[in-house]
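A short write-up of the structure that comes next.
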Amino acid sequence: MKYVEVLLPLPLENTYTYSIPAEMEPVVRNYCLVKAPFGRKRYYTAIVKEIHDHHPDPSFKCKDISAVLDVNPIINPLQMQLWDWIASYYLCKTGDVFKAAVPPGLINNEIKKRQKKKTISRIQMTDDDCLALNVLTEAQQTAFAEIQEVFKTKPVCLLHGVSLCGKTEIYIRLIQNTLQQGSNVLYLLPEIAFTKKIKERMTHIFGDRLLVYHSGFSDRKRVEVWNRLLHANESMVVVGVRSSVFLPFANLGLIIVDEEHDASYRQHDPAPRYHARNAAIMLAHLHGARTLLGSATPSLESYYNAKSGKYGLVALNIRYGNTSAPFVYIANVKELKRRKIMKDSLFSPILKEKMEDALNCDEQIVLFQNRRGFALIMECSSCGDVVRCVNCDVSLTCHRHTNKLVCHYCGYSVAILSHCPSCGSKEIKLAGFGTEKVEDEIETLFPDVRTNRLDYDTARTRSAYERILTCFEQGKSKILIGTQMLAKGLDLKQVGVAGVLNADSLMNVPDFRSHERAFQLMMQISSLAGRNRNQGTVVIQTSQPDHPLIQAIQAFDYKRMAVDQLNERKTFRYPPYFRLIVLVLRCSNEQTLEQIAARYAEILHEALGERVMPPFAPPVNRVQTLYVRHIMLKLETTFVVAQVRTILDNVNRQMQSFPGFSRIVLHYEVDN
Ligand SMILES: [Zn+2]
Ligand SMILES: [Zn+2]
């Protein structure tokens with residue numbers, strides 16, 4: 001009798017053992033799909049991880065697999081290794097990784113028949129195609145050569161190139177080289193929004209050897225891309241977002257992680273909560289491939305790894321076409337308010353002046369405010385109460401277009417109030433501001449100028465997003481107001497002025513990464529100004545003009561920010577010097593949660609000592625009716641991953657007997 005170990009697409013740690021009916025024995029193979037009964041009369045599509053002939057436990061009646069759904073393996077052994085690594089490093093279940101990795105259409109029983117293998121016509125490179133390649137500048141050529149030199153000795157290289165240095169041209173050369181050597185390439189981008197332009201550019205060069213993959217695709221389309229890659233008989237380049245690391249690559253030669261610092265590479269919910277940049281580096285390692293990380297403002301982790309010699313480092317400091325970096329003005333909002341100059345306006349005199357200048361020269365303007373909505377809060381002047389969400393620990397944001405107060409965490413909304421819900425006073429008013437209010441004042445200042453707003457409310461769908469961008473790119477609208485959607489890979493040619501309306505709100509986020517993120521975001525916004533012509537202008541409004549971070553931004557000095565931040569990270573035991581694991585505990589009863597979190601931390605402390613921080617309530621400590629507590633672990637980077645897991649599993653087992661523990665929802669966040 002033969003048995004199989006199968007992995008189910010469920011949040012389960014282990015594989016399960018089934019027996020193989022004799023008639024199916026000849027066709028069952030590793031990594032093929034089978035139908036398996038599990039739980040009460042339910043059947044799942046499972047993947048075969050191992051075939052063996054030892055009955056696991058005589059007392060246990062082993063069930064038969066019910067069918068072989070596909071005799072061809074749907075993944076390769078390296079993919080399974082990647083899944084196992086993600087599960088162990090990010091402290092989640094392999095079943096969760098399986099579920100996230102494979103397009104639902106492949107494991108859905110209804111789609112059993114494989115799509116017919118498409119014949120892929122070989123595209124001969126003609127002279128015309130070669131014309132699609134731009135000639136590299138001297139600086140690009142040097143960087144290209146340096147990267148190749150690094151790859152001779154190191155598997156990972158960081159390309160730290162200022163924006164507009166023409167990184168894409170270098171990527172294209174590397175991709176071409178790799179394809180010519182007969183290996184596949186994965187080109188990762190943080191957001192779907194980026195893929196369209198890159199796709200157009202790359203289709204000209206790579207033709208049918210280009211595959212695009214992202215979560216915005218229909219299931220059918222995702223299955224099609226998966227199968228094309230699985231059956232490709234020539235080397236391919238895949239352009240995609242984070243989930244592309246799960247595609248069935250064989251013989252991978254190169255992975256490019258563009259905008260490697262971007263937070264979208266991390267998956268937050270649901271599990272697996274992984275970071276695609278790190279998963280990509282592991283995937284490349286399994287294939288013996290090279291990884292190129294590219295960014296104008298690298299993550300401090302990657303920068304540290306490059307500086308310490310673990311990765312290679314190639315710098316490219318010359319902007320394409322030799323345009324100079326924009327000039328940055330800092331407006332001291334605190335002082336202006338004290339002198340009652342910004343009393344009724346969101347705009348400092350310098351920003352107003354620069355906007356007028358730009359419009360007079362027929363240049364465009366982008367304005368950044370990191371919150372959407374009209375006002376941030378509704379506040380009572382009598383009792384000081386702020387209107388809050390009934391489900392979450394956050395204040396409601398006023399949206400004037402819909403006349404509602406909305407929770408940005410759970411979507412709860414109520415009509416705008418005329419009385420304070422706490423004391424009944426009529427003295428209730430709006431405070432703070434979001435993109436809607438910026439738009440409002442712009443309409444008053446420049447009534448004849450066409451303006452667009454780009455945020456989650458106006459660009460909820462991809463077509464709406466593209467409509468707004470096209471309108472601005474074609475110069476039909478002159479001013480674009482937006483949230484951080486603005487920073488996402490826009491290629492704007494006519495922008496003369498970029499304004500950051502409230503830098504403080506970015507810097508004051510209570511998170512150890514907030515300064516790094518604020519810097520990255522403001523640099524991205526700043527580099528939108530003055531792309532094609534003269535020097536652009538940036539105005540940053542802040543109450544902390546002397547803050548080192550603001551000074552670093554004004555000087556366009558990444559290194560200064562990095563050195564400051566790395567010093568702080570070292571002092572306070574944060575990444576990249578320490579590895580962070582956060583236990584996130586949630587419960588509908590706050591008291592139960594408090595008790596359990598305290599006990600949990602105590603037991604963890606017995607095993608891990610001072611590496612365990614006391615439990616604390618995160619800035620938003622109630623979401624969708626569940627209260628939240630965090631327990632943070634700061635581990636030495638030398639701490640073995642498997643050992644951490646064993647300790648955490650042991651503590652978790654001990655906690656099971658604690659009263660009320662069954663009401664707790666727990667997950668881990670690693671390196672977040
Ligand atoms: Zn009140
Ligand atoms: Zn809410």
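The values are calculated or read from the model by the stated rules, or taken from the named source; none is laboratory data. It should be emphasised that the depicted structure is a prediction, and the values quoted were computed from it without experimental measurement. Heads up, the Cβs are rebuilt from the backbone with ideal geometry, glycines too, and the neighbour counts pull from every protein chain shown.
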May I ask you to verify whether Val449 is at pLDDT 90 or above, in a loop (DSSP other than H, G, I, E, B) and either more than 16 Å from ligand 1 (Cβ to nearest atom) or more than 20 Å from Ala193 (Cα to Cα) (or both)? yes
Give the stretch 488-505 a look and list any residue that's in a helix (DSSP H, G or I) and surrounded by fewer than 22 Cβ atoms within 10 Å (Cβ to Cβ), or say none. Asp504, Ser505
Out of all the residues in the stretch 367-389, which are within 16 Å of ligand 1 (Cβ to nearest atom) and small (Gly, Ala, Ser)? Ser381, Ser382, Gly384
Which members of the stretch 546-572 meet the condition of being of a type in the set (A, V, I, L, M, F, W, C) and either in contact with a Cys (Cβ under 6 Å, 6 or more places away or on another chain) or over 14 Å from Ala518 (Cα atoms) (or both)? Ala555, Val563, Leu566, Phe572
Mind counting the residues in the stretch 249-270 that are surrounded by 21 or more Cβ atoms within 10 Å (Cβ to Cβ) and not in a strand (DSSP E or B)? 6
Within the bounds of the stretch 396-413, is there any residue that is within 16 Å of ligand 1 (Cβ to nearest atom), among the small types (Gly, Ala, Ser), in contact with a strand residue (DSSP E or B) (Cβ under 7 Å, 6 or more places away or on another chain) and under 28 Å from Val628 (Cβ atoms)? no
Note on the stretch 143-165: residues surrounded by fewer than 20 Cβ atoms within 10 Å (Cβ to Cβ), in contact (Cβ under 8 Å) with a residue 60 or more places away in the chain and among the small types (Gly, Ala, Ser) are Ser163
What pairs come out if I take residues in the stretch 420-441 that are free of Cβ contacts under 8 Å to residues at least 40 places away in the same chain and small (Gly, Ala, Ser) and pair them with residues that are away from ligand 2 (no atom under 16 Å from the Cβ) and not in a strand (DSSP E or B) whose C-beta lies under 9 Å away, six or more apart or interchain? Gly424/Ser382
Got a sec? Which of Thr297, Thr291 is buried (at least 23 other Cβ atoms within 10 Å of the Cβ) and not in a loop (DSSP other than H, G, I, E, B)? Thr291
Residue check, Ala601 surrounded by fewer than 16 Cβ atoms within 10 Å (Cβ to Cβ) and either over 30 Å from Tyr412 (Cα atoms) or assigned by TED's automatic domain parsing to the domain that holds Leu396 (or both): no
Any pair with Cβ under 8 angstrom, 6 or more apart, that starts in the stretch 391-417 at a residue that is β-branched (Val, Ile, Thr) and ends at one that is within 7 Å of ligand 2 (Cβ to nearest atom): Val394/Cys407; Val394/Tyr409; Thr397/Cys407; Val406/Tyr412
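Rundown of residues vs (1) touching a Cys at 6+ places or on another chain (Cβ under 7 Å); (2) at pLDDT 90 or above; (3) part of a helix (DSSP H, G or I); (4) surrounded by 13 or more Cβ atoms within 10 Å (Cβ to Cβ), yes/no style:
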position	(1), (2), (3), (4)
Asp57	no, no, no, no
Cys62	no, no, no, yes
Asp84	no, yes, yes, yes
Arg114	no, no, no, yes
Lys117	no, no, no, no
Ser121	no, no, no, no
Counting only residues that are modelled with pLDDT of 95 or more and at negative phi, the stretch 182-202 contains a total of 6
How about the stretch 535-553: which of its residues are closer than 21 Å to Ile350 by Cα and either free of Cβ contacts under 8 Å to residues at least 40 places away in the same chain or of a type in the set (Gly, Ala, Ser) (or both)? Gly536, Ser543, Asp546, Gln551, Ala552
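Please give the strands (runs of 3 or more DSSP E) falling wholly within the stretch 339-443 in which 3 or more residues are touching a Gly at 6+ places or on another chain (Cβ under 7 Å).
364-368, 397-399
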Go through (1) away from ligand 2 (no atom under 16 Å from the Cβ); (2) closer than 20 Å to Asp504 by Cα; (3) surrounded by fewer than 22 Cβ atoms within 10 Å (Cβ to Cβ) for Gly434 and report which single condition fails. (3)
Evaluation of Pro548 against (1) buried (at least 17 other Cβ atoms within 10 Å of the Cβ); (2) under 21 Å from Val509 (Cβ atoms) (one fails), failing number: (1)
With the condition kept exactly as written, say whether any residue in the stretch 577-588 is assigned to a helix (DSSP H, G or I), of a type in the set (Lys, Arg) and modelled with pLDDT of 95 or more. no
Boolean, Val162 is modelled with pLDDT of 95 or more and either touching a strand residue (DSSP E or B) at 6+ places or on another chain (Cβ under 8 Å) or closer than 29 Å to Leu528 by Cα (or both): no
Step by step: first the residues of the stretch 611-639, then only those that are more than 16 Å from ligand 2 (Cβ to nearest atom), within 18 Å of Asn589 (Cα to Cα) and outside any loop (DSSP other than H, G, I, E, B), then the one that is nearest to the chain's Cα centre (by Cα). Which residue is that? His630
